[in-house]
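Asks: Shown below is the structure under consideration.
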Amino acid sequence: MKRKFLALLAALFTLANSANVFAATDIKLFINGEELVCDPPAIIENDRLLVPMRAIFEKLEAQVNWDAETRTITAAKNEFILLMQIGNPKMFINNDEIELDVPPSITDDRTMVPARAVSEAFDIPVEWNDETREVNINYQNEAN
């Protein structure tokens with residue numbers, strides 16, 4: 001009985017101390033007014049919205065490259081070059097180091113990146129609407 005209690009206590013302690021990761025089913029992300037629907041869906045980790053790398057970079061019209069060996073993301077848009085690495089809380093924009101609240105991670109075999117950090121790295125503003133629980137990213141694309 002004591003052993004079962006200790007096992008249950010250890011499991012609860014592990015759950016309580018693990019990172020806060022939740023599906024972001026109630027949060028919507030809009031880029032230029034169009035909802036970004038992703039597979040896998042966006043997640044919330046430590047109050048930050050993470051989205052699949054390719055989905056957001058392609059929607060922001062950025063060139064993206066994934067290096068599986070080093071687990072590094074390189075993205076370019078206009079004069080900005082962004083570097084991120086799985087698990088690394090540091091992001092580099094044109095060689096300037098930025099500390100991330102949440103580093104990129106892998107979920108369901110997809111590379112997940114923080115939406116706000118990526119958008120702001122390309123000098124694109126991000127707005128959060130607490131009432132509707134929506135993230136809005138608006139920018140002038142190359143066609144405009």
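No lab work stands behind these numbers, since they all come straight from the coordinates. Worth saying up front: this structure is predicted, and the values here are computed from it rather than measured.
Asks: With N set to the number of residues, divide the alpha-carbon radius of gyration of region 21-144 by 2.2 N^0.38 Å and report two decimals.
Replies: Here the answer is 0.98, to two decimals.
Asks: How much length would be gained if the chain were fully extended between D39 and N78, taking 0.36 nm per residue of separation minus their Cα-Cα distance, in nm to one decimal?
Replies: Going from the current span to full extension adds 11.4 nm.
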